[in-house]
Amino acid sequence: MPRKIEISKIEKIRHSLAHILAIAVLEMYPDTKLGFGPAIENGFYYDFLLSKPITQNDLPIIEEKMREIIKKALPFKKEIWSFERALKFYKNQPLKRELIREKSDLYNVQIYKTGDHFFDFCKGGHVENTSEIPVDGFKLIKIAGAYFKGDAKREQLTRIYGLAFETKQQLEEFLKNQEEAEKRDHRKIGLALELYMVSEDVGPGLILWLPRGTIIRDTLERWAIETEKKWGYIRVATPHVAKENLFKTSGHLPYYKNSMYPKMKLDDAVYYLKAMNCPMHHLIFKSRIRSYKELPLRLAEYGDVYRYEKSGELYGLMRVRGMTMNDAHIYCTLDQAVDEFLSVIKLHQYYYSILNIKDYYMELSLRNPKKRKKYLGNNEMWIEAEELMRAAMEKSEVPYIVVNDGAAFYGPKIDFQIKAVTGRIFTASTGQIDLFMAERFNLEYIDKDGSRKSPVIIHRAPLGTHERFIGFLIEHFAGNFPIWLAPEQIRIVPVSDKFINYGKLILENLKNRNIRAHLDESRATLKKKILEAEKMKVPFIFVIGEKEVQSNSISVRQHGKGNLGKLTLNQFLQNFEISFQIPA
């Protein structure tokens, strides 16, 4: 029998608060038409069709009304009504009537009653009594527009959002984290540090990397290439487009078609921009007969892919339409699969340790049991793939949770979820054990006994995409990148033009050591030059004037730490040169 999914206490509180919000709004604005109001991550919302607009200034008043209702200790009770009774009761609520018609049958309309007067058509998940809701654990935060059922042709409703936690302390901590998140917003910092841009002339969700951002991107890629070389990967490169039939074979057409760019009809065939690198990697594996002695074969590529995300879902670097993925596919025997997948997990751990990412876990996404038509392959294949993944995950000892939804159409997957200092959770990368595509592409190797067998395929991308991962790192470090990753590592600041030539000698010395340095030759004041370097979060500032020239030294300032004193360049390098190098 399927396992019953338990609803947590906080989810019940949040869902109940959505109903209480509706009660408060109806008491204050009696002719309001109700949409619906679910619990969501960190809180709740409810949609209303109001006869007159409300503003942010109204939220504290509505919030206080909600507290009055909570203090009445009203019970939540489930009732089952007939279809006819429900439609009659909601005769003045056209949106509720429509929802009931769509989601209920003639004899089973589920209604939740709060107190004696409020009834809501609802699937449930509530506290038993409003007294269980902490009156100081929630806060209404914003008003937004929302079309009924997400349809732009329908009524535009007023959506009121609220936050909710089990204690006042948790709420205050979340609000503090939100404030910090705003300061660390990668879109603001990315603009201030001149890392990337988006242009309407190119198109939304398509990133133009500026010189400073390109340095970060290239440095991460060099690090990954060198690391993966040591871990046994070999590099390949594939084109950005391919014929339609390739994506039919892979199943991306039709299973992933809605997220792909439209087809291009050319003279010889129909082509698509690729949304995944894997089909082409499979063809590289298939380019000649393979022996079991070659396995595991680990093919790696920083591949460019294109996905047509909806306009409303695009978000800075986090949700884009063009991305460069730290991709690889491992072709191995069944006996090698667990150890190879474990190695993939350990590679994630290595990368995260270098980047000081400490708070993370894995999320194992399985098939949604109610939507089996979304997936390819037979049941035995899915069960075996899941068992292999679980075995590797258990060996890794990295914490993980299981979600009965979100699998790829060809197999279960894991997502590494990493937590930023702001408390926000990011999906950083994905890994899969795939027992389906080898058969689909007729991939085979010759085993020890001379028989032909299909390899297990492992899909992995530990650093995700440049776009999303750099977006995370911007927020993770608040723009204060580790020295080895900083786009500009040293700013040389002469006190006046007289010392520019001395600055050029230092600059040449640093560049010969592959240190990214810049000489400020502007005519700004010394104070302004230093402030500009600090604003750009340059790790080190070398101030040079008469005393420094005479003593063949530099006055060093470190970003975030202040003056380090006067040093010779050799003394500085003895202390810090290792920090400038890409991690081994």
### Message
Condition first: buried (at least 20 other Cβ atoms within 10 Å of the Cβ), touching a Gly at 6+ places or on another chain (Cβ under 8 Å), in a strand (DSSP E or B) and in contact (Cβ under 8 Å) with a residue 60 or more places away in the chain. Can you find one or more residues in the range 141-150 that meet it?
### Response
no
### Message
Looking only at strands (runs of 3 or more DSSP E) that lie completely in the range 312-431, which have at least 3 residues being open to solvent by less than 10 Å² (accessible area, probe 1.4 Å) and within 26 Å of E301 (Cβ to Cβ)?
### Response
322-332, 360-365, 413-419
### Query
What tally of residues in the range 27-68 results from selecting those that are of a type in the set (A, V, I, L, M), farther than 22 Å from L95 by Cα and open to solvent by 20 Å² or more (accessible area, probe 1.4 Å)?
1
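Taking strands (runs of 3 or more DSSP E) that fall entirely within the range 151-240, which contain at least 3 residues that are among the hydrophobic types (A, V, I, L, M, F, W, C) and open to solvent by less than 20 Å² (accessible area, probe 1.4 Å)? Working first, answer last.
Details: elements: 156-164, 196-198, 207-209.
Passing ranges, in order: 156-164.
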### Message
Based on this model, can you work out whether I133 counts as more than 29 Å from F83 (Cβ to Cβ), out of contact with any strand residue (DSSP E or B) (no Cβ under 6 Å at 6 or more places or on another chain), of a type outside the set (D, E, K, R) and crowded, with 16+ Cβ neighbours inside 10 Å?
### Response
yes
### Query
Within the range 459-485, which residues are of a type in the set (K, R) and open to solvent by less than 10 Å² (accessible area, probe 1.4 Å)?
R460
## Note on the structure
Just one listed residue, out of K498, K511, is within 29 Å of L355 (Cβ to Cβ), basic (K, R), part of a helix (DSSP H, G or I) and open to solvent by 40 Å² or more (accessible area, probe 1.4 Å), and it is K511
## Note on the structure
How many residues of the range 438-454 are crowded, with 18+ Cβ neighbours inside 10 Å and within 12 Å of E294 (Cβ to Cβ)? The answer is 1
### Query
Can you name the residue in the range 556-584 that is in contact with a Phe, Trp or Tyr (Cβ under 7 Å, 6 or more places away or on another chain) and among the polar types (S, T, N, Q) and, of all such residues, is most open to solvent (accessible area, probe 1.4 Å)?
Q581
### Subset of the range 248-298 (residues that are within 22 Å of S311 (Cβ to Cβ) and outside any loop (DSSP other than H, G, I, E, B))
H252, K257, N258, S259, M264, Y272, L273
### Query
H281 passes all but one of (1) open to solvent by less than 30 Å² (accessible area, probe 1.4 Å); (2) out of contact with any helix residue (DSSP H, G or I) (no Cβ under 8 Å at 6 or more places or on another chain); (3) modelled with pLDDT under 95; which number fails?
(3)
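The values are calculated or read from the model by the stated rules, or taken from the named source; none is laboratory data. What you are looking at is a predicted structure, and each value in this text was computed from that prediction instead of being measured. Every residue, glycine as well, gets a Cβ built from its backbone with ideal geometry; the counts of neighbours run over all protein chains shown. Only protein heavy atoms, including side chains, enter the accessible area calculation; ligands, DNA and RNA are left aside. Shrake-Rupley method; radii C 1.70, N 1.55, O 1.52, S 1.80 Å.
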